[in-house]
Each structure stands twice: as C-alpha cells, then as structure tokens.
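Student: A single structure is presented below for examination.
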Amino acid sequence: MAEVSVKEKDSPKLPIPGRRNILITSALPYVNNVPHLGNIIGCVLSADVFARYCRLRGYNVIYICGTDEYGTATETKAMEENCSPKEICDKYHAIHKEVYKWFGISFDEFGRTSSPQQTEVCQQIFHTLMENGWLSENTMQQLYCDTCKRFLADRLVEGTCPTLNCNYESARGDQCEKCGKLLNPTELLDPKCKVCKNTPRIRDTDHLFLELPLLREKLESYINSMSVAGSWSQNAIQATKAWLKEGLKPRCITRDLKWGVPVPHEKYKDKVFYVWFDAPIGYVSITACYTADWERWWKDPENVELYQFMGKDNVPFHTVMFPSTLLGTGENWTMMKTISVTEYLNYESGKFSKSKGIGVFGNDAKDTNIPAEVWRYYLLTNRPEVSDTLFTWADLQAKLNSELLNNLGNFINRVLSFIAKPSGLGYDSTIPEVLDADSHLLTKTLAEKVSKHIEQYLDSMEKVKLKEGLKTAMSISGEGNAYLQESQFWKLYKEDPTACAIVMKTSVGLVFLLASLLEPFMPSFSVEVLKQLNILPEEKLTFCDEKGETDKAKRPWDLIPSGHVIGKPEPLFKELKDDEVELFRQRFSGSQADRKEKAEADAKKIAGQLKATKLSEGNTKKKSSTTDTKAKATVADISVSRLDIRVGVIKKVQKHPDADSLYVEEIDVGEESTRTVVSGLVKYIPLEEMQDRKVCVLCNLKPASMRGIKSHAMVLAASKGDHTKVELVEPPASAVVGERVTFAGYTGEPDGVLNPKHKVWETVQPDLHTDAELVACYKDVPFTTSAGICKVSSIASGAIR
C-alpha cells in the first residue's frame, strides 16, 4: 500500500483574519531513545489525527513538534555511547524523524530544541521574567566530583542503598532498582561518580527559581477560565488541581550541566536552564524555525487557538509551569486553549519502557511488515483517553481481521469489484446513471443513518474525542455492509436495474466518504482507496464544501459523478494469522539489548517460520509442533519470570453462593473486561475490606472451577506458619493497574498459561515469602512495580501463595 510521508514543507502558513486559525503541538519526545508505541499514541499520532481533521474541514492549521534534546538524560546517554551530546541528538533526532515519517505523521515543522532559535527565545523570556521580578535566588546542596570538576546529576551517582536490609551496592542517585525506593543522591551510602568512580562531596550551589506562589493568582484565573472554554479533559483538570492543592512552591529553573541553553547572567554563566523550563519554550522556537513571523501565531490569542497533546505525566508542565512562565512575562501570548491528555498504553502484561526495552518500538513496527495504517488504526481504537489501556498481539490480530479486513475492506472490495465486472455482470468499471435516488426507500433510510453518524463524528472530532470519532466513522462501513446485504444488489442487477444502479452509485459514494472520514486516522489507506477509485490524490479529499458545510456528505449518491471510470479493485488488508502473532510475541519479548544480541538469529528463524507459514496455509500440525517446541525449551529454566503477576484492583466482591469460605471477585487486571476470581479469604478478611483493594494477581494459572464457578486467576496473599492470619500482598497505591510485577535479575516473558505438567507454580511458590520488613519477595528480590515495592501489613517471614 502507498506510503504517506511527512508533510512536504511549503511556504509557511500564517494566521488569516476571519478564518479559524489553529496551532497544534504535541509533547516534544525526548531524544535519548527510540519512541515506543505508548509515546506515539500519547502525543504525535493523536495530534496528527486532529491536524489532519482540521485540514479536511478547511481550517488554517499548523502542527509543530520536535525532539527535546537538552538535559541530564542526554549527557548520560552520550557517556554510555562514548560520544558527545550533540552526536547523540543528531543520531536519535534522525531516528525519530524516520519513525514518524513511516507512521505518516504530517508535521508542518519537526524541529529540535538545540537550535539557535531556542537559545534566543528562551533567554529573552528569562530576561523578561528577571526584569519583572518573578525570579529569586536560593542555595541547594548537591554532590560535587572534584576529579570531574562538576556537580553530579542524580543519574551520574551510584552508591549503596540506605534502606534497611536492602544494601544494594549499585543504587542510582534517584532510585534503588532492587527495593524500588525513591532516593536523593545525598542519601546514598558510599556514593561514587559514575564517570571516574571517585567519591564526590556535598557542596553548596546557588540556583535561580521561578516564584510560582507569587504568580498563583494570575495562573488560577487562566486555569479557571480556559479549562471551561477549552473543555479540558477530566484527567488534565484533576492533575492540575492536585498541584494547586498541594501548594505552589518556587521552582528551580537552572542546572549544573553543560548541555543546555546557557543562563545569560554573569553569576550563573556556568549553568544551563533546567529542562522543564526550557523544553516547552521549544514549541515557540520550533515555530520560529518554521517562520520568521512566529509571533503572529504565538502572540495573537484573539485569532489563534492553541491545542496541545501529551501523556498524563506531562500535564503539570503545560497547565502550571509553562503558563506561569508566559504569564510572568506580561506579554500577550497565545495561551493553551485545549489540552488533550492520554493515560498510559501498557504492553501485554507489563509497561512500555524505553530504558528497559519492554514493548514494541517505532522501528519494530516497521520491521513487522504490518502496514502503518493497521498500527495507526489499532493504536487509535485503543487510545487511552480515560484510563490506561493494554496493547496485546491477540487484540491487534482481532481488530485487523475483524474490523479492518472483514468489515471495512470487505465493504469497499464488494462495491468496487461489482462495479468493475464487465457489462452483463457489472458496470464495466463505470459509475452508472441514476435518477431520484432519495425516493428509493432503503437508500433514503441509509442516508438518514449516515447523516446522524456524520453529525456525531463532527461533534466527537471537534471535542478531540478521537477514539469515538473513529468508532463512528467505522459504523458507516457497517451500515454500508448491511445496506448491500438488505438490497440484494446481485439480484437487483437483473430484476431491477434502476434500483441496482442507485444502490451501487450510493455505495461507491460511501466508499469515497469513508476514505475522507478515515483519512485523519489511516491516511495511506485513503490514498489507496482514491487510487482504486481512480481519483488523483492531488484532488482535495474532503466531505465538506468550500464553506466547510457537510450537507453533500449526507447525499452519498452525489459524491462521485455518473460516467466516472474507477481503477482496479484490490484487497486493502491482509489477514494476520495465529502463527505470525505467536512469532511476533516471541520476537518482541525481552529487552532492546537482548534483541540486539540475537537479531541475526531471530531474522533467520522468523524468515524460515514465515516461509513455512505461507507454505502450510493453516497446517495445524506444523503450528502445534512449534508450540510443543517452545514448551520444551522453557521447561529447563523455571523461575519467577515464568509467572504473570500483575497489579489488579477488585471492582466487585461477594460471597460464593455455594461455599461459606470463598469470595467471588471481579478484578480489573488491565484487560478489556474483568476476571472472575475465587479466593478462600472469607474467614481472614472482611468483605468490606476487599472492595476496591489493589492486589497482586497471578494471571496465568490454568482456570479452575471452584464449587461451580470458574476462577481465572489467583489473588496472592501471605500467611503465618500456623495459618491463623492471612493478609493480601499489596502494591503501592499509585501502581498502574495491569502492569506486570517485576523481579530484578529475572527477565523474560511469562508463559501464556502455566502447564500443570511442568509444575512451574509448585517450583516457584516455596521461594515466595515476606521478609522482616514486610516486603513481598521471591528469594531475596522484592515484588516491584513502577511505583515501588509490594508489601503486607504485618506478617513477617510469611509464605506467599
């Protein structure tokens, strides 16, 4: 299928009086690694869909993004790869750009924060804040390396964890990877500089701070008015209010680093701006790279609407810090009107992680040979708009095969293939003449349904409810399939040629309409549909007239003229088979480093297996043989990594109707629906204490019936040796529902379902226990989540089962 590249750069667009002028930004992806699918749906892809929709509607829009390049992480990555920060940025900026090009992201400008424009704009804003009295000075204590002659950022320090009974000797300055505790570098025992391995000392250092408390009144006035006018999403409002409720504190805007925008102040000339202050200004500076008249976009709030897209972890920087910075200048900035925030997209049984290499990354998606529009569609149907969602290969397969292939692709191919048939069987590729289509009852009913769907689509897209907009557009395909089936066009062709012509001309209009409505979501799909319709891509794909009115879309029989000759119909989507899915699941397990070591072996293996798959065309014996081989290969190495333990939350609990000692729970473990779990906890934990509890759930035990109710997982609990007391193993309150509980030093994907014959659970369980500090452990390694370690309330040295 045709590739859609990043939008070609034309002469810069500027705001036009009397038109709707929309400035779109997506959170600047950090440059120190390859973006994963969670990054892509969280900012750049979502913003791209909205930008493409705005262009379809005829709005005057620009979409600005780029790589965030300054800060500690870049310096650290440069040391790891033995090169300069600039070389790291050049390398990964090119990787990001290539990944987004493959995904069809249509930036008007994709820049970088290491530009001269960034330095100029950032320093000018700083001078204005200083002149207006919104900056203050204060002294902090940091570790300083006399050998390297530099203050050490958190990640440039390693030492022994100060946590009792942990004593991990390679704890980082910000967190201990063994026990999970968040740290300050000055808390480490026997700290060492990661660069020279010498011991640093604590030293005072002066820094500049933005006085957020003094700007609070201006900030709250902005938030109160714009959150209503811009219909901010609930998660954005909640995150912002949480910051305000905690009380605003002066925020440090400088760092003792070399790689960054230099502070233009004699006393602080050896420092750079802190990345939280510097990065959002990148939106402005990248626009300045796009046009010298950037102020016409950024300093005209009466005529320009600013829409910003990001993941939930970026909200405070865009609703508190960046607005405070702009308000402090006293200038007439274009402030954010609408913020679109996504929760997290998690991967299979864990969390996407750039540093750990968990999940599918942008370059991985390209290497699967699954087309970009399929990835876009899946990510957007799974967009985590309200709560975290989960990527699974099985779900991707189901959506491709059912929704894209069997629904959308089937409808378009049926219509075009019938029209393409030679005269006597079809229309010889020519759109037939029709009269009075709106008097045909079935067609009139279809038009009324389509009209309602279009209104709903427009409402959803204007409110940036992208997932809802996509679902609505796909509903039109469903209506089209039902219309074809009910009309029985294959009979009408002989029995009622007039009616058949109406049905086919209306249906080909729906094909064009679907190409238009779905273009923001799957642009390369739309290009291919236009090709099959024999409509040049240069001709404007739209469902609106010059004034932006959508009435013509509600008369689909008028969308393509009679006499138009279509192109050659071809299948738009290809089925994804079970054995291919299993291959991908195996291929993308483990870390990026693991993948690199076995890349050549994997490539040969996958090529061979895919070849065998195509030759066998569904040979079930070959598939079962592959599965048996995998099972045998994993039996030899039994450890906790084979268990699929996830963070869950009990959504509903009641007593078993036929067993007094059992609870029946409905537990959310990050999947589309809850799991039913039966637990023997009645005599240990009151029912009201079970409700809404976060728990650790073993998800890959073979389902088992317990007194007539099938249990699909097991809640993990600790018990005393005499079994007089049982307590739930609890993850931290802020742990992400659905994330996999991990164990340092034990990596790899869990089994799909534990095979009882291999006794994995029976082998691992004796090593699951609580320690003297009430921490849940496998051997001496804690149960760990992204938010910290899992514990029990009071049972020390208890068995976990």
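The values are calculated or read from the model by the stated rules, or taken from the named source; none is laboratory data. All figures in this text were calculated on a predicted structure; none of them were measured in a lab. A quick note on method: Cβ atoms are made from the backbone with ideal geometry, for glycine too, and the neighbour counts reach across all protein chains shown. Accessible surface areas use protein heavy atoms only, side chains included; no ligands, DNA or RNA. Shrake-Rupley method; radii C 1.70, N 1.55, O 1.52, S 1.80 Å.
Student: Can you tell me how many residues within the stretch 113-165 are under 20 Å from residue 277 (Cα atoms), in a loop (DSSP other than H, G, I, E, B) and β-branched (Val, Ile, Thr)?
Tutor: Residues that pass the stated criteria total 1.
Student: Continuing with this model, one more query. Working only within the stretch 60-105, note down all residues that are among the β-branched types (Val, Ile, Thr), touching a helix residue (DSSP H, G or I) at 6+ places or on another chain (Cβ under 6 Å) and under 18 Å from residue 47 (Cβ atoms).
Tutor: Residues satisfying the conditions are 61, 64, 67, 99, 105.
Student: Can you tell me which residue is surrounded by the fewest Cβ atoms within 10 Å (Cβ to Cβ) among those in the stretch 569-590 that are touching a Phe, Trp or Tyr at 6+ places or on another chain (Cβ under 8 Å) and under 28 Å from residue 414 (Cβ atoms)?
Tutor: 581
Student: Of all residues in the stretch 200-224 being of a type in the set (Ser, Thr, Tyr) and at pLDDT 95 or above, which is farthest from residue 338 (Cα to Cα)?
Tutor: 221
Yes or no, residue by residue, for (1) at pLDDT 95 or above; (2) of a type in the set (Asp, Glu); (3) touching a Gly at 6+ places or on another chain (Cβ under 9 Å):
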{"residue": "103", "(1), (2), (3)": "yes, no, yes"}
{"residue": "112", "(1), (2), (3)": "yes, no, yes"}
{"residue": "117", "(1), (2), (3)": "yes, no, yes"}
{"residue": "127", "(1), (2), (3)": "yes, no, no"}
{"residue": "130", "(1), (2), (3)": "yes, no, no"}
{"residue": "136", "(1), (2), (3)": "yes, no, no"}
{"residue": "145", "(1), (2), (3)": "no, no, no"}
{"residue": "153", "(1), (2), (3)": "no, no, yes"}
{"residue": "168", "(1), (2), (3)": "no, no, no"}
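Student: Checking residue 687 against (1) over 11 Å from residue 653 (Cα atoms); (2) more than 35 Å from the chain's Cα centre (by Cα); (3) not polar (S, T, N, Q), only one condition comes out false. Which one?
Tutor: Answer for residue 687: the failing condition is (1).
Student: Restricting to the stretch 449-492, name every residue that is crowded, with 16+ Cβ neighbours inside 10 Å and not in a helix (DSSP H, G or I).
Tutor: 464, 465 - these are the residues of the stretch 449-492 that are crowded, with 16+ Cβ neighbours inside 10 Å and not in a helix (DSSP H, G or I).
Student: Right, something else. Out of everything in the stretch 304-327 that is in contact with a Pro (Cβ under 8 Å, 6 or more places away or on another chain) and part of a helix (DSSP H, G or I), what residue ends up being most open to solvent (accessible area, probe 1.4 Å)?
Tutor: 317
Student: Just to be sure I understand the filter: pairs with C-beta atoms under 6 Å, separated by 6 or more residues or on different chains, first member in the stretch 624-653 and under 17 Å from residue 699 (Cα atoms) and open to solvent by 50 Å² or more (accessible area, probe 1.4 Å), second member at pLDDT below 90 and of a type in the set (A, V, I, L, M, F, W, C). Which pairs pass?
Tutor: From residues that are under 17 Å from residue 699 (Cα atoms) and open to solvent by 50 Å² or more (accessible area, probe 1.4 Å), there are no pairs.
Student: Might you check whether a residue that is at pLDDT 95 or above, buried (at least 19 other Cβ atoms within 10 Å of the Cβ) and in a loop (DSSP other than H, G, I, E, B) occurs anywhere in the stretch 558-567?
Tutor: Yes: the stretch 558-567 contains one or more residues that are at pLDDT 95 or above, buried (at least 19 other Cβ atoms within 10 Å of the Cβ) and in a loop (DSSP other than H, G, I, E, B).
Student: Could you list, ordered by first residue, the pairs with Cβ atoms under 8 Å in which the first is in the stretch 185-203 and surrounded by 13 or more Cβ atoms within 10 Å (Cβ to Cβ) and the second is among the aromatic types (Phe, Trp, Tyr), at least 6 apart or interchain?
Tutor: 200/144; 203/144; 203/151
Student: Considering only the stretch 24-55, state which residues are touching an Asp or Glu at 6+ places or on another chain (Cβ under 7 Å) and within 25 Å of residue 295 (Cα to Cα). Walk me through it before giving the result.
Tutor: Our first condition is that a residue be touching an Asp or Glu at 6+ places or on another chain (Cβ under 7 Å); within the stretch 24-55, this holds for 28-31, 52.
Answer for the stretch 24-55, where residues must be touching an Asp or Glu at 6+ places or on another chain (Cβ under 7 Å) and within 25 Å of residue 295 (Cα to Cα): 28, 29, 52.
Student: Restricting attention to helices (runs of 4 or more DSSP H) lying wholly within the stretch 342-418, give those where 3 or more residues are of a type outside the set (Phe, Trp, Tyr) and buried (at least 23 other Cβ atoms within 10 Å of the Cβ).
Tutor: Once the helices (runs of 4 or more DSSP H) in the stretch 342-418 are filtered for at least 3 residues that are of a type outside the set (Phe, Trp, Tyr) and buried (at least 23 other Cβ atoms within 10 Å of the Cβ), what remains is 372-381.
Student: Then there is this: Among the candidates 701, 754, which residue alone is among the hydrophobic types (A, V, I, L, M, F, W, C), open to solvent by less than 20 Å² (accessible area, probe 1.4 Å) and not in a strand (DSSP E or B)?
Tutor: 754
Student: Between a first residue in the stretch 395-419 that is at negative phi and a second residue that is among the basic types (Lys, Arg) and open to solvent by 10 Å² or more (accessible area, probe 1.4 Å), which pairs have beta carbons less than 8 Å apart while being 6 or more apart in sequence or on different chains?
Tutor: Qualifying pairs under 8 Å: 405/574.
Student: Now for a separate question. State whether one or more residues within the stretch 507-529 are of a type in the set (Val, Ile, Thr), assigned to a helix (DSSP H, G or I), within 21 Å of residue 436 (Cα to Cα) and touching a helix residue (DSSP H, G or I) at 6+ places or on another chain (Cβ under 9 Å). Don't jump to the end; show me each part of the working.
Tutor: Taking the stretch 507-529 and keeping what is of a type in the set (Val, Ile, Thr), we get 508, 511, 527, 529.
Right, trim to assigned to a helix (DSSP H, G or I) and you get 508, 511, 527, 529.
Now narrow it down to the ones that are within 21 Å of residue 436 (Cα to Cα): 508, 511.
The next check asks that each one be touching a helix residue (DSSP H, G or I) at 6+ places or on another chain (Cβ under 9 Å); those that pass are 508, 511.
The answer is yes; a qualifying residue exists.
Student: Taking the residues in the stretch 55-91 that are surrounded by 23 or more Cβ atoms within 10 Å (Cβ to Cβ), touching a residue at least 60 places away in the same chain (Cβ under 8 Å) and among the hydroxyl-bearing types (Ser, Thr, Tyr) as candidates, determine which candidate is farthest from residue 275 (Cα to Cα).
Tutor: Step by step, filter the stretch 55-91, then rank; the result is 74.
Student: Give the residue that is nearest to residue 290 (Cα to Cα), with candidates limited to residues of the stretch 60-117 that are over 24 Å from the mean Cα position of the chain (by Cα) and among the small types (Gly, Ala, Ser).
Tutor: 115
Student: Looking only at the stretch 493-507, count how many residues are over 13 Å from residue 443 (Cα atoms) and open to solvent by less than 30 Å² (accessible area, probe 1.4 Å).
Tutor: Residues meeting the conditions: 0.
Student: Hey, among the residues in the stretch 128-148 that are closer than 17 Å to residue 185 by Cβ and not aliphatic (A, V, I, L, M), which one's nearest to the chain's Cα centre (by Cα)?
Tutor: 142
Student: I'm trying to understand the selection: among the residues of the stretch 424-448, which are over 30 Å from residue 50 (Cβ atoms), assigned to a helix (DSSP H, G or I) and either of a type in the set (S, T, N, Q) or open to solvent by 40 Å² or more (accessible area, probe 1.4 Å) (or both)?
Tutor: 438, 439, 441, 442, 443, 444, 445
Student: Being within 28 Å of the chain's Cα centre (by Cα) and modelled with pLDDT of 85 or more is the filter; apply it to the stretch 788-797 and report the residue that is surrounded by the most Cβ atoms within 10 Å (Cβ to Cβ).
Tutor: 790
Student: Mind checking which residues of the stretch 766-787 are open to solvent by 30 Å² or more (accessible area, probe 1.4 Å) and more than 24 Å from residue 358 (Cβ to Cβ)?
Tutor: Of all residues in the stretch 766-787, those open to solvent by 30 Å² or more (accessible area, probe 1.4 Å) come to 766-767, 769, 771-774, 779-780, 786-787.
Selection gives 766, 769, 771, 772, 773, 774.
Student: Here are some conditions: (1) assigned to a helix (DSSP H, G or I); (2) out of contact with any Pro (no Cβ under 6 Å at 6 or more places or on another chain). Residue 106 meets all but one. Which one does it not meet?
Tutor: Only one criterion in (1) assigned to a helix (DSSP H, G or I); (2) out of contact with any Pro (no Cβ under 6 Å at 6 or more places or on another chain) is unmet by residue 106, namely (1).
Student: Here's another thing I want to ask about it. For residue 62, are the conditions met, namely being of a type in the set (A, V, I, L, M, F, W, C) and either part of a strand (DSSP E or B) or within 24 Å of residue 194 (Cα to Cα) (or both)?
Tutor: yes
Per-residue answers, yes or no, for (1) among the polar types (S, T, N, Q); (2) under 18 Å from residue 466 (Cα atoms):
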{"position": "38", "(1), (2)": "no, yes"}
{"position": "43", "(1), (2)": "no, yes"}
{"position": "51", "(1), (2)": "no, yes"}
{"position": "57", "(1), (2)": "no, yes"}
{"position": "67", "(1), (2)": "yes, no"}
{"position": "72", "(1), (2)": "yes, no"}
{"position": "75", "(1), (2)": "no, no"}
{"position": "78", "(1), (2)": "no, no"}
{"position": "87", "(1), (2)": "no, no"}
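Student: Out of 628, 644, I need the residue that is at pLDDT below 90 and among the acidic types (Asp, Glu). Which one?
Tutor: Values: 644 fails: at pLDDT below 90.
Only one candidate passes the filter, namely 628.
Student: Would you point out the residue of the stretch 520-557, among those that are at pLDDT 75 or above and among the hydroxyl-bearing types (Ser, Thr, Tyr), that is farthest from residue 44 (Cα to Cα)?
Tutor: Applying the filter and picking the extreme gives 526.
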